[in-house]
Ligand SMILES: Nc1ncnc2c1ncn2[C@@H]1O[C@H](COP(=O)(O)OP(=O)(O)OP(=O)(O)O)[C@@H](O)[C@H]1O
Ligand SMILES: [Mg+2]
């Protein structure tokens, strides 16, 4: 019998996805010697054989020790969803730049110097490369008003401000402390779509109402259809394929038939059944199971695996010795 393969799941507070996911993978994988369980990590060494063939990471952005483990696990051959190196490097401003390069519409966006720094930074000596004061007129001239001031990384709508004037912008900016912020053209949307994206190919567009309370935002009574659906799928695929995320959501605000990508840095997307609703939850379970089983079997490789320079060095076939040549 082939060697047993274990799929590990790392989770935070969520409770509705983990159980059904582990059960489904265990049912489908049993005949092939593939099992799934909650990962249990604590103090592994740099030479340890990897216990997990695949790790599904839904929380390392909040638990840095997990990320340290995951980076080493990647080098040792474990497939991690999503690539911990890229997730750590990724930022919203970079993603806006990438979307422009890829021909996907995004709001006009500016990245701003931080409001505050750690005490060891002093304005006279440490910040000589920074323009001061900022030219707020020029900044707002580019984005227009109203505009959205939001963190360059982050989630959960924390520190997202909608500002209607330069005065409101400065008042909001003054509250942002050590965070790097972006200022973005506010898209006054007439429609809004969130796409759940699994395995970089499977895209499920769902109508979404950001103005509703959290658990009522996914609107299943009005499916996204026709040209809008096609465009959302195409653009979301373009973005996740370029970013290499196997698990992500991509959000679009629609204004005058143009889909503007608003937030596509969601590598641990909301999978709770009460929020995405039962049918969509079933779709996610299916696609996630297929994805991890494919990786565990070795049928597929993560797209980024051999793009890391250190991977090529560490896994290079030894060059033949002169005797063998
Ligand atoms: N440029 C924009 N134009 C219009 N609305 C915006 C814009 N940027 C953000 N928003 C609104 O603010 C919400 C939160 O912004 P964003 O998604 O970037 O933050 P987040 O903290 O990553 O949110 P989430 O936890 O939902 O991923 C969006 O869902 C959208 O409704
Ligand atoms: Mg987000």
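Here are the numbers:
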quantity: Residue pairs meeting the criteria (Cβ under 6 Å; at least 6 apart or on separate chains; first touching a residue at least 12 places away in the same chain (Cβ under 8 Å) and at negative phi, in segment 260-277; second near ligand 2 (Cβ under 9 Å from one of its atoms) and part of a loop (DSSP other than H, G, I, E, B)); calculated: none
quantity: Residue count, segment 258-277 (criterion: outside any strand (DSSP E or B), within 13 Å of ligand 2 (Cβ to nearest atom) and in contact with a helix residue (DSSP H, G or I) (Cβ under 7 Å, 6 or more places away or on another chain)); calculated: 4
quantity: Subset tally (residues that are closer than 18 Å to residue 300 by Cβ and more than 19 Å from the chain's Cα centre (by Cα)) for segment 51-78; calculated: 5
quantity: Test: residue 306 is out of contact with any strand residue (DSSP E or B) (no Cβ under 7 Å at 6 or more places or on another chain) and away from ligand 1 (no atom under 16 Å from the Cβ); calculated: yes
quantity: Considering residues of segment 215-247 that are within 16 Å of ligand 1 (Cβ to nearest atom) and loosely packed, with under 13 Cβ neighbours inside 10 Å only, the residue farthest from the chain's Cα centre (by Cα); calculated: 216
quantity: Extreme residue, surrounded by the most Cβ atoms within 10 Å (Cβ to Cβ), among residues of segment 296-313 that are over 19 Å from the mean Cα position of the chain (by Cα) and assigned to a helix (DSSP H, G or I); calculated: 296
quantity: Which numbered condition residue 112 misses (of (1) surrounded by 16 or more Cβ atoms within 10 Å (Cβ to Cβ); (2) under 30 Å from residue 234 (Cα atoms)); calculated: (2)
quantity: So residue 130, is it more than 17 Å from residue 262 (Cα to Cα), buried (at least 20 other Cβ atoms within 10 Å of the Cβ) and over 26 Å from the mean Cα position of the chain (by Cα); calculated: no
quantity: Scan of segment 97-115 for residues that are in contact with a strand residue (DSSP E or B) (Cβ under 6 Å, 6 or more places away or on another chain) and within 16 Å of ligand 2 (Cβ to nearest atom), ordered by number; calculated: 99, 106, 107, 109
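Read the figures in this text as sums done on the coordinates, not as results from a lab. Keep in mind that this is a model prediction, so the values were computed, not measured. Cβ: placed from backbone, ideal geometry, glycine included. Neighbour counts: every protein chain shown.
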